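Below: one structure, written as structure tokens.
The values are calculated or read from the model by the stated rules, or taken from the named source; none is laboratory data. In this text, all values refer to a predicted model and were calculated from it rather than measured experimentally. In this analysis, Cβ positions are derived from the backbone assuming ideal geometry, glycine residues included, and neighbour counts consider all displayed protein chains.
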Amino acid sequence: MTDRTIYENPLTSRYASREMQENFGEIKKVKLWRTLWTALAESEMELGLPITQQQVEEMRAHIDDIDFARAEAYEREVRHDVMAHVKAFGDVAPSARGIIHLGATSCFVDCNADLIILRDGLEILLKKLVNVMDRLRAFALRYRELPTLGFTHLQPAQLTTVGKRAALWLQDLTSDCLAIENLLENFRLRGVKGTTGTQASFLDLFDGDKDKVERLEALVTKKLGFEKVYAVTGQTYPRKFDFAVLSVLSAVAQSAYKFSNDIRLLQSMKEVEEPFGRNQIGSSAMAYKRNPMRCERMGGLARYLITLPQNSAMTAGVQWFERTLDDSSNRRIVNAQAFLAADAILELYLSVAENLVVHEKVIERHIAEELPFMATENILMECVKAGGDRQALHERIRVLSQEAAYAVKEEGKPNDLIARIEADETFSAVHGRIDELLDTQKFVGLAPEQTEKFIKCEVDPLLKKYEKLLGLHGDVRF
């Protein structure tokens, strides 16, 4: 039952999924510690140390049998979380009490378990990321030919298409997907390295037999389901890896932030909206409002996550010699918070991407308000081809454009530039052809083709690779 008298982390109480919370939960961590201790003992036995199969089996039988209250009592006594759990494990596997953690340092379980948790966290995020990509893919293809105003400096520039804009969001996520892939493909454990990474304790255990020390690391690594370990470490795995991971999570947040801001702007324009629940309240005071709550929340969480790699960079930079312990308290907070935030962001992103609402008539109206200005260059070129004077035509269009702009801005009238051009004999060469020149498809360039080619060549191969992960739906708890 929740204790309402103390602070709750909103990432766990409101935003992140149960799946990600359990990945960073205490139960999983301690089970991994016990799995590591068991793999170490079994491997040491196989290489000839005086450890029995009964001891190993007793350890294996009690991996899930965790008495956290007992471990907490031990930790208050010894002020060391790993040794507290060594004692608690020994209580339920008493025949193995004397060989648990044999030759190891705390970072054998701590670092290797942390790495596995980070790996599993990346796989959870990858699953959600490719599902967002799948939704945006469908959206981009559906609207690849629908013209819309393109903006630079938040000012109308040229036309693009709704689908092409979605392809830009999708391209950011494609980059993030490849970055996560790279981390997973090059993933490695810390291994069995001893207190300062020299493996001296294990060399002593095996009476100077270097081959057995190397085989021990290989055996433990294989039992845990991995192939690679760091060739050299200090006491910990390189903290630069945390920075690399959080940098990729920050990149995901950047992509989501860009998307969420674009949708918020488009919703303000009433062109594209995030989903709005049947009973959702946009404002406690203004009942008519449809605030972009999901995208605003995405933006807030993204801004937090984007800042976290700097913290990991500082931790990596202040690791004195083989290790200093000020990384421990910091990493307990930063790594988990980063993954919980990224998880919450992708849940929101997925819920928005699969239910975007496009108001085509509003988009058409906004185009109609700006297209006359954009079409003037086409009109000028057609008149020149018919024998007109380019400089004279340019000057006349400039005057008419300013008159039309004045009427729009100062008098609140509709844009009547085309009517002015049709009434001016200077442009008689295009009279009767204006509608043809205003065809919006002539202004979007290769936007539809670019969208299709990008999806076919870059997105589809990735989604095909991860097709078994597809089919998720975004969950917004509150």
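Of note:
- The residue that is surrounded by the most Cβ atoms within 10 Å (Cβ to Cβ), among those in the stretch 192-219 that are in a loop (DSSP other than H, G, I, E, B) and touching a residue at least 40 places away in the same chain (Cβ under 8 Å), is LYS193.
- For the stretch 416-427, the tally of residues that are assigned to a helix (DSSP H, G or I) and either modelled with pLDDT under 90 or under 55 Å from the mean Cα position of the chain (by Cα) (or both) stands at 7.
- Count of residues meeting criterion [in a helix (DSSP H, G or I) and either without any contact (Cβ under 8 Å) to a residue 60 or more places away in the chain or more than 13 Å from VAL245 (Cβ to Cβ) (or both)] in the stretch 312-336: 9
- The stretch 401-415, residues that are in contact with a Phe, Trp or Tyr (Cβ under 9 Å, 6 or more places away or on another chain) and assigned to a helix (DSSP H, G or I): SER401, ALA404, ALA405
- Among the residues making up the stretch 442-474, a single one is loosely packed, with under 12 Cβ neighbours inside 10 Å and under 30 Å from GLY388 (Cα atoms): LEU446.
- If you go through the stretch 1-13 and pick out every residue that is over 22 Å from ILE117 (Cβ atoms) and outside any loop (DSSP other than H, G, I, E, B), you end up with 0.
- Each residue in the stretch 232-261 was checked for being of a type in the set (Gly, Ala, Ser) and outside any helix (DSSP H, G or I), and 1 pass.
- Inter-residue pairs, beta-carbon under 8 Å, first at positive phi and in the stretch 148-176, second surrounded by fewer than 22 Cβ atoms within 10 Å (Cβ to Cβ), 6+ apart: LEU154/LEU265
- Of the residues screened, LEU189 is not one that is hydrophobic (A, V, I, L, M, F, W, C) and surrounded by fewer than 16 Cβ atoms within 10 Å (Cβ to Cβ).
- Top-ranked residue in the stretch 264-311 [being over 14 Å from SER247 (Cα atoms) and of a type in the set (Val, Ile, Thr); ranked as modelled with the lowest pLDDT]: ILE281
- The set of residues in the stretch 83-109 that are in contact (Cβ under 8 Å) with a residue 40 or more places away in the chain and surrounded by fewer than 20 Cβ atoms within 10 Å (Cβ to Cβ) comprises SER95, LEU102.
- Filter result for LYS222 (under 29 Å from GLN21 (Cβ atoms), modelled with pLDDT of 95 or more, among the charged types (D, E, K, R) and in a helix (DSSP H, G or I)): no
- Subset of the stretch 164-186 [closer than 26 Å to GLY150 by Cβ and polar (S, T, N, Q)]: GLN171, THR174, SER175
- Residues satisfying the stated conditions in the stretch 134-159, i.e. surrounded by fewer than 23 Cβ atoms within 10 Å (Cβ to Cβ) and part of a strand (DSSP E or B): LEU149, GLY150, PHE151, THR152, GLN155, PRO156, ALA157, GLN158, LEU159
- Residue identified as in contact with a Pro (Cβ under 8 Å, 6 or more places away or on another chain) and of a type in the set (A, V, I, L, M, F, W, C) among LEU184, LEU159, LEU170, LEU203: LEU159
- Beta carbons closer than 8 Å, at least 6 apart along the sequence or on distinct chains, pair a first residue in the stretch 394-418 that is farther than 14 Å from ILE379 by Cβ and in the same structural domain as MET374 (by TED's automatic domain parsing) with a second that is in a helix (DSSP H, G or I) and among the β-branched types (Val, Ile, Thr) for PRO414/VAL408; ASN415/VAL408.
- Any chance TYR15 is aromatic (Phe, Trp, Tyr), closer than 28 Å to LYS128 by Cβ and surrounded by fewer than 17 Cβ atoms within 10 Å (Cβ to Cβ): no
- Residue in the stretch 362-381 that is outside the structural domain of GLN267 (by TED's automatic domain parsing) and farther than 28 Å from ARG165 by Cα present: yes
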